[in-house]
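Just below is one structure, and these are the notes that go with it.
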Amino acid sequence: MKKLIVFLILFSNFLFSQEKQIISKILNEEKPKLKLETRKFVNQDFSKIWTQTENSKIFGIIGDECERLRIKLISIKQNPKNHKEYFVKGKSKVKNVVDDFEGKITIEKIYQTKYNYFGVDNELKDKVKLTGLIIANYHFFENKNQKHSGELYGKLYSKFYFDKNNVLKYDDINAHSDGYFNNAFIGNWTMYNSKISKIANWGDYRVPLSVKGFDIGAGEFSPSDKYLKKGWQTYRDILFTENQNQESIKIEEENWWK
């Protein structure tokens, strides 16, 4: 029993440390003041901030070898009876295997944040009324009738803002900065009826909490040479090649979920 208690304490400390780390990174390490305001914002429909980014800019990994994971959230609808819940439909892709999934995003906390930056040369200073951070849980179930299917589950971190007219906006205020990302899904994928479980993280513009040495980009996301064979070669082709490979562009920009 004592060993179990010690393990639970250490595991809780690890999760708390991980959460502090991801909050710091998604907020650009600005260390803004955080004020818990879940009740203030919970009735707002946040679904559009999770579907705004074009899919070619959403990057994910599955497993310690950083196999490319592609995710498309096709439909997100707020539960009219419980505004903390959102019903989600989407698709996942690893190599050439595409799986349908359905599930939920459930809001846990919403913070109001206070920043000291408002874009390049403070260009948005008079246009932003307030900023915020959502922490949620997600649990998506892939179709059990499809091969190599399982569950995706974990934590979601998303930042937003309201403009001076009280219109909800996706927070791209600091999109010009090195290391910018948003909508960080951090968790695991577990195969049905199996003990096989792998890390599965994805996000807008960067892979959050990726394996050390995977992302070597400064100004923008760039996987290291070591992982190109894991599904990243076509992305590298269009990122750095002067005479860009048209076939790679086609692969990166295709609507693979249709």
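The values are calculated or read from the model by the stated rules, or taken from the named source; none is laboratory data. Source: prediction; values computed, not measured. FYI the Cβ positions are ideal-geometry reconstructions off the backbone, even for glycines, and counts take in every protein chain you see. Remember, those area values only see protein heavy atoms, side chains included, never the ligands or the DNA or RNA. Shrake-Rupley method; radii C 1.70, N 1.55, O 1.52, S 1.80 Å.
Regarding N137, is this residue within 16 Å of the chain's Cα centre (by Cα), open to solvent by 50 Å² or more (accessible area, probe 1.4 Å) and under 16 Å from G60 (Cα atoms)?
Spelling it out, it is not the case that N137 is within 16 Å of the chain's Cα centre (by Cα), open to solvent by 50 Å² or more (accessible area, probe 1.4 Å) and under 16 Å from G60 (Cα atoms).
May I ask you to say which residue of I216, I251, I186, I196 is of a type in the set (A, V, I, L, M, F, W, C), surrounded by 14 or more Cβ atoms within 10 Å (Cβ to Cβ) and in contact with a Ser or Thr (Cβ under 8 Å, 6 or more places away or on another chain)?
Going through I216, I251, I186, I196 in turn, just one is of a type in the set (A, V, I, L, M, F, W, C), surrounded by 14 or more Cβ atoms within 10 Å (Cβ to Cβ) and in contact with a Ser or Thr (Cβ under 8 Å, 6 or more places away or on another chain): I251.
Tell me, yes or no, whether the range 152-163 has at least one residue that is touching a His at 6+ places or on another chain (Cβ under 7 Å) and outside any loop (DSSP other than H, G, I, E, B).
yes
Among the residues of the range 88-107, which ones are assigned to a strand (DSSP E or B), basic (K, R) and open to solvent by 60 Å² or more (accessible area, probe 1.4 Å)?
Once the filter is applied, which keeps residues that are assigned to a strand (DSSP E or B), basic (K, R) and open to solvent by 60 Å² or more (accessible area, probe 1.4 Å), the range 88-107 yields K89, K104.
Would you please list the contacts, defined by Cβ atoms under 9 Å and residues six or more apart or on different chains, that run from a residue in the range 219-236 that is over 16 Å from I62 (Cβ atoms) to a residue that is among the β-branched types (V, I, T) and in a helix (DSSP H, G or I)?
These pairs meet every condition: T234/I249; T234/I251.
Given the conditions (1) open to solvent by 70 Å² or more (accessible area, probe 1.4 Å); (2) under 21 Å from D163 (Cβ atoms); (3) in a loop (DSSP other than H, G, I, E, B); (4) at pLDDT below 95, which single one is not true for N43?
So the condition that N43 fails would be (4).
For the range 221-247: of the residues being open to solvent by 40 Å² or more (accessible area, probe 1.4 Å) and outside any helix (DSSP H, G or I), which is modelled with the highest pLDDT?
Only one residue fits best here, namely N245.
For residues that are without any contact (Cβ under 8 Å) to a residue 40 or more places away in the chain, out of contact with any strand residue (DSSP E or B) (no Cβ under 7 Å at 6 or more places or on another chain) and at positive phi, tally how many sit in the range 160-199.
1
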